[in-house]
Amino acid sequence: MNGTGRPLWRRLIGQNVLSALALGIGGYALGHWVGTRITVGMDSQLGTDQNDLAIFMGFVFALLGWLIGLGFLNYPMSRLAGRPPSLREKEEAGPGRYFRLCTDHKVVGLQYFVTVLLFFLIAGLNAMFIRAELLTPNEKLWNANQYLSLVSLHGTMMLMMMSAAILGPFANYFVPIMIGARRMAFPRLESLSFWLVPPAGLILLSAIFLGGFPTGWTGYAPLANEARAGMDAYLFSFALIGLSMTIVGTNMIATVLTMRAPGMTWTRLPIFVWGVICTSILMVLAAPVLFSTLAMVALDRTADTSFFLASAGGSPFLYDNLFWFFGHPEVYILALPGFGIVLEILPVFARKPLWGYRLAVAGMVGVTLLSFMVWQHHLFVSGINSDLRPFYMLTTELISIPTGFIFLNGLGTLWRGHIRFTVPMLFSLAFFSNFLLGGLSGVFLSDVPSDVSTHGSYFVMAHFHYTIMGGLVFAFFAGIYYWLPKMTGLRFNELLAKIHFWGMFVFFNCTFAPLFAAGMLGMPRRVSIYAPRLHGINIFVSISAFLLGLSILVFLVNLVYSMVIARIPAEANPWQSRGLEFQLPTPVPVTNFERTPVIQADPYGYGEPDALPVAALSPSPATVAGAG
Ligand code: HEM
Ligand SMILES: [Cu+2]
């Protein structure tokens, strides 16, 4: 399969990302042409200068071309032709496997990591452009439309990519290992879930050339129905992410249900895996709603339906409800994996068992269930029946109880621990302090009287950046510093990592804390002009934001320096972790385990002298860490 010995140009030809790109672009042209043919003389196209159907057909054909180029049709075809099932896409070695359909879950994890990081940086760059505009109270760098498109692109790209940021790289890589399995339940679907992400990101970026889109990440009707063709890019790419999330969720649930090694009981399951299960339940239940809702908007724009068009009997308010039925669980799709990571990391560096394991599980399950009962808090001022407001206010505030459990677990684990302030630990601790501020400010937004005056202001902006960036993104970096050395076999430069952490922590808070005040003082979201008296705050915030961006740049430098230039090998178990994943050699063998491990303990027995290793692995228990 892999063509060492052949010249480079020969190896580049085949089913890989290059042919996928070529077929994708060709597919777009073909689809666009077909769409144009279909719509000739159609009423809906008369009097407009843009052909949404042709653009959608272009996207659909582009996606098909992309997947065919990668070889996703080979297996179904060969099965149709009567050949037996096999996993021959699982390649053993060679850099080529990172650029094509590969069914090794460890390859998929790294593919996800690089892709998500890339789009995260692009979205972050957009944030810098936004903050540059906000250096002055009036319109300067961008006009109102361009500014709105920038905000929309930043928000949508961030949410699309961050939904995949932890499950993509870390759950795909580590969940099978943590439960003692050799692979995921559906390896080909696993690869598909990843290969849907790059086209989603690229298509969203294509909105720039299609006139942008004015709706923010929420895509509200009726604005969405009137928007330029950039809206089509939003609809198609976000729907692709919805599809990908559904596949990821299904695959994770099936894997944990059916592939656990003997002895891996539900109470020995690492807490990170519980976080993944809860997230997956949300993905499976919420992401299809997103997909269908966006498909309905697409039909409104292309096929003259009127789901959300008030002028033709539809209801824009229905869109808001459907969107937030997905949108609120989505915020927990972002938060729960973060809970899982930090609770996984805390015991390792406090050298103590995870305090209140069952409480943590109950907290996560509680958040999962409640998150489907709160969505109307986004619509408090959108004409909701006012008798319903107290109900949604109550359910929303109830979420602080299971979330509070997670904080208790964290505090209980740290209490009297021998804390080692390593970089993953610092990021985990920062997670708690940031998320606390995010959560506390959320109480003001779930409270109808205070929401009425803060809604649509920078107070909301500060709140959700505290939860998503302060929570999820900090947890993402905790995961990177904790696990990436295991995934790549290379260690990070410690000094650069510490500079990254302190820069990011300090300037994150300098960037977003003042925005609570700006919101209270009446600064509205999504417009580039503000009252001159807010100029001082905004200059401070913009400069902090640039320094925050700089700290991420330090991370990038560290990544390139450590993983490409210095390449110092990492130990197999650099943190003396009891986790099963750290008992394997580095790099992890293609089959993970030589033979199926038998699980004999949970991974949190730190400081317990008679704690058994998590599993008895052959051949040597050399790296097994026990007391600490
Ligand atoms: C470098 C750090 C970041 C900065 C400086 C930043 C800045 C901003 C600003 C200024 C806005 C609002 C603009 C406006 O309403 O006029 C915004 C919106 C937004 N940001 Fe960020 N952001 C950052 C990181 C993130 C991250 C990590 C996420 C998510 C993972 C995120 C998600 C969003 C979302 C969802 C919106 C709302 C877009 C909308 O209104 O639809 N941001 N950001
Ligand atoms: Cu919500």
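Numbers below:
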| read-out | value |
| --- | --- |
| Check on Ser382, polar (S, T, N, Q), within 16 Å of ligand 1 (Cβ to nearest atom) and under 18 Å from Gly327 (Cα atoms) | yes |
| Search result, residues across segment 576-598 that are surrounded by 22 or more Cβ atoms within 10 Å (Cβ to Cβ) and farther than 21 Å from Arg351 by Cα | Pro597 |
| Check on Val590, outside the structural domain of Pro449 (by TED's automatic domain parsing), away from ligand 1 (no atom under 15 Å from the Cβ) and in contact (Cβ under 8 Å) with a residue 40 or more places away in the chain | yes |
| Segment 366-382 residues that are over 23 Å from Phe339 (Cα atoms) and outside any loop (DSSP other than H, G, I, E, B), paired with ones that are among the β-branched types (Val, Ile, Thr) and more than 9 Å from ligand 2 (Cβ to nearest atom) (beta carbon under 8 Å, 6 or more apart) | Gln376/Ile384 |
| Among the candidates Gly109, Gly180, Gly124, residue that is touching a strand residue (DSSP E or B) at 6+ places or on another chain (Cβ under 8 Å) and either of a type in the set (A, V, I, L, M, F, W, C) or in contact (Cβ under 8 Å) with a residue 60 or more places away in the chain (or both) | Gly180 |
| Filtered residues of segment 526-542 (kept if surrounded by fewer than 13 Cβ atoms within 10 Å (Cβ to Cβ) and without any contact (Cβ under 8 Å) to a residue 60 or more places away in the chain) | Arg533, Gly536 |
| Per-region count, segment 315-337, residues free of Cβ contacts under 8 Å to residues at least 40 places away in the same chain and either within 16 Å of ligand 2 (Cβ to nearest atom) or assigned to a loop (DSSP other than H, G, I, E, B) (or both) | 2 |
| Condition met for Leu408 (modelled with pLDDT of 90 or more and assigned to a helix (DSSP H, G or I)) | yes |
| Ala545 vs. criteria more than 17 Å from Ala132 (Cβ to Cβ), of a type outside the set (Ser, Thr, Tyr), surrounded by 14 or more Cβ atoms within 10 Å (Cβ to Cβ) and within 24 Å of the chain's Cα centre (by Cα) | no |
| Gln50, sole failed condition from (1) touching a Lys or Arg at 6+ places or on another chain (Cβ under 9 Å); (2) surrounded by fewer than 21 Cβ atoms within 10 Å (Cβ to Cβ); (3) modelled with pLDDT of 95 or more | (3) |
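The values are calculated or read from the model by the stated rules, or taken from the named source; none is laboratory data. It should be emphasised that the depicted structure is a prediction, and the values quoted were computed from it without experimental measurement. Ideal geometry is used to build each Cβ from the backbone, glycine not excepted, and the neighbour counts take in all protein chains shown.
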